[in-house]
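Everything on this sheet refers to the single structure shown next.
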Amino acid sequence: MSFPFPLACILIAGAAAFMSYVLIALTIGPLRRHAEAEVTARSSHSVATPQGAGVAIVPVALAVAALGFMDSGQVPAGGAVYAGVVALLALMLMVVGFIDDMRSLSVIPRLVAQALAAGIAIALLPEDFRVLPTVVPVVIERAALFIGALWFVNLYNFMDGIDLISVVETIAVTLGVTLLAVFGVVPVAYGYVAVALLGAMLGFAPWNAPRARLFLGDAGSLPIGFLLAMLLIHVAAANAVAAAVILPLYYLADATLTLLRRLARGEKVWQAHREHFYQRALRNGLTVTQIIGRIAVLDAVLIALALGAALHGTSWAGVALAIAALAVGLTLRAFAKGPP
């Protein structure tokens, strides 16, 4: 039986949240024994904490999204087979990430797995799937999408450094995509993926709230970053490029600017560090709750700007992008300076 899309979103989010919470409760014991994050000089936590929550969140999100597809008959661009391939690639990244959570893999196998997932997902896009203007050769566009997807997976992993930050960011991005689907800007199939992931992260939130009892781990950050990257690429292809850029703009800006600063100083950018703006805010005296609260407020502004950009045409899209960049810039500046 098909439900009206707004009601279906509520049911899907609720089911995913419940299933995620319960599955985490069942797995946190083994995670404590086999995948504990020790405290290091670069850690933001002060006691050893289990990681690897992605082994519960990712399967739940994929399963609930699939149920949404079956109930509605709607599937993303590329069809059911393509959606299945993307799901399998996400599960592959989850497995690689979980191995890293338990045994700390070197950077090469992790990067190869990420490149393989992004490369296959981009290569299998339908021939008529376009994000950039048609004057841009397809091969150039696909190369740009591959680099963008690979970078997004990595930046999502880099940014997952304090309690609730990835919960708040993922919920904000997926809520934005869900609202775009509610307003008919993007196909409802993208809304099902978004709201399933939103609900799964809601189920994880109580475990990750300060002081966190469980971390997302690479088992979560790698596949969730991949799923969000592919979701945003599909949103951009649905004539909502500005919205696809605005929704994750805080993560994009913090991670990219930090990378450029470290490159300029000649640092090894693949090594763990505490130089992100939110980490600098923590060192400068802001609490985790204050940082997360400011990011949540910023994300609410970005959601509103993304909706405005998608609903009011190209003239408003430019204005929305400029306002979004200003809002993100002011937040980063405040984080860098700390409290008055």
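Size of the dipole of the range 5-241 about the Cα centre, Lys and Arg at +1 and Asp and Glu at -1 on the beta carbon, nothing else charged, in debye to 20? Walk me through the intermediate numbers first.
Numbers: 9 positive and 12 negative charges, 61 e Å.
The dipole of the range 5-241 has a size of about 300 debye.
For the chain, modelled as a Gaussian network with Cα springs under 10 Å, which listed residue fluctuates most, 101, 128, 163?
Result: 128 has the largest fluctuation of those listed.
Putting +1 on Lys and Arg Cβ atoms and -1 on Asp and Glu Cβ atoms, find which of 155, 170, 203 reaches farthest to the positive end of the dipole of the range 5-241.
It is 203, whose Cα lies furthest towards the positive end.
For the range 170-207 and the range 102-125, what is the separation of their Cα centres, given in Å?
Between the Cα centre of the range 170-207 and that of the range 102-125, the gap is 24 Å.
Hey, can you list the DSSP H helices of the chain whose Cα span along the axis is 24 Å or longer and whose average Kyte-Doolittle score is at least 1.0?
Working: long enough: 5-34 (41 Å, 1.43); 54-72 (26 Å, 1.89); 79-103 (36 Å, 1.70); 138-159 (31 Å, 1.41); 165-182 (25 Å, 2.12); 188-208 (30 Å, 1.33); 218-237 (28 Å, 1.71); 288-311 (34 Å, 1.97); 313-337 (36 Å, 1.30).
What comes out of the filter, once short or polar helices are dropped, is 5-34, 54-72, 79-103, 138-159, 165-182, 188-208, 218-237, 288-311, 313-337.
In the neighborhood of residue 55, defined by Cβ-to-Cβ distances under 13 Å, what is the net charge if each Lys or Arg adds +1 and each Asp or Glu adds -1? Can you show the working numbers first?
Working: positive: none; negative: 100, 101, 218.
So the environment of residue 55 carries a net charge of -3.
Assign one of three labels to the range 1-114, namely rounded, prolate or oblate, based on the Cα gyration tensor with a ≥ b ≥ c the square roots of its eigenvalues; rounded applies when a/c is under 1.5, prolate when it is not and a/b is larger than b/c, and oblate otherwise. Don't skip to the answer; put the middle values down first.
Values: a/c = 3.08, a/b = 1.67, b/c = 1.85.
Note, shape of the range 1-114 comes out oblate.
Given the -39500 (n - 2.57) contribution per DSSP H run of 4+ residues, what per-residue ellipticity at 222 nm results for the chain, rounded to the nearest 500 deg cm²/dmol? Spell out each step's value before the answer.
Values: 13 runs with 250 residues, N = 340.
That calculation yields -25000 deg cm²/dmol at 222 nm.
Given the options 193, 62, 226, identify the residue whose Cα lies farthest towards the positive end of the charge dipole of the chain (+1 on Cβ of Lys, Arg; -1 on Cβ of Asp, Glu).
Farthest along the dipole direction, towards plus: 226.
Please state the shape class of the range 253-340: rounded when a/c is under 1.5, otherwise prolate if a/b exceeds b/c and oblate if not, all from the C-alpha gyration tensor.
Details: a/c = 2.80, a/b = 1.57, b/c = 1.78.
Since a/c reaches 1.5 but b/c is at least a/b, the shape of the range 253-340 is classed as oblate.
Going by how many other beta carbons lie within 10 Å of each one, how would you line up 151, 207, 316, fewest first?
Working: 151 18, 207 21, 316 15.
Fewest-to-most ranking of 151, 207, 316: 316, 151, 207.
Please build a GNM for the chain, connecting alpha carbons under 10 Å apart, and tell me which residue among 247, 302, 23 fluctuates the most.
23
Taking the Cα centre of the range 159-317 as origin, work out the dipole magnitude from +1 charges on Lys and Arg Cβ and -1 charges on Asp and Glu Cβ, in debye rounded to 20.
Details: 10 positive and 8 negative charges, 93 e Å.
That gives the range 159-317 a dipole magnitude of about 440 debye.
What shape does the range 5-241 take by its C-alpha gyration tensor, where a ≥ b ≥ c are the square roots of the eigenvalues and a/c under 1.5 counts as rounded, a/b above b/c as prolate, and the rest as oblate?
Numbers: a/c = 2.00, a/b = 1.36, b/c = 1.48.
Oblate is the answer for the range 5-241, as a/c is 1.5 or above yet b/c matches or exceeds a/b.
Throughout, read-outs are computed from the coordinates displayed, never taken from laboratory work. Note that the coordinates shown come from a computational prediction; the quantities given were computed from them, not determined experimentally. Ideal geometry is used to build each Cβ from the backbone, glycine not excepted, and the neighbour counts take in all protein chains shown.
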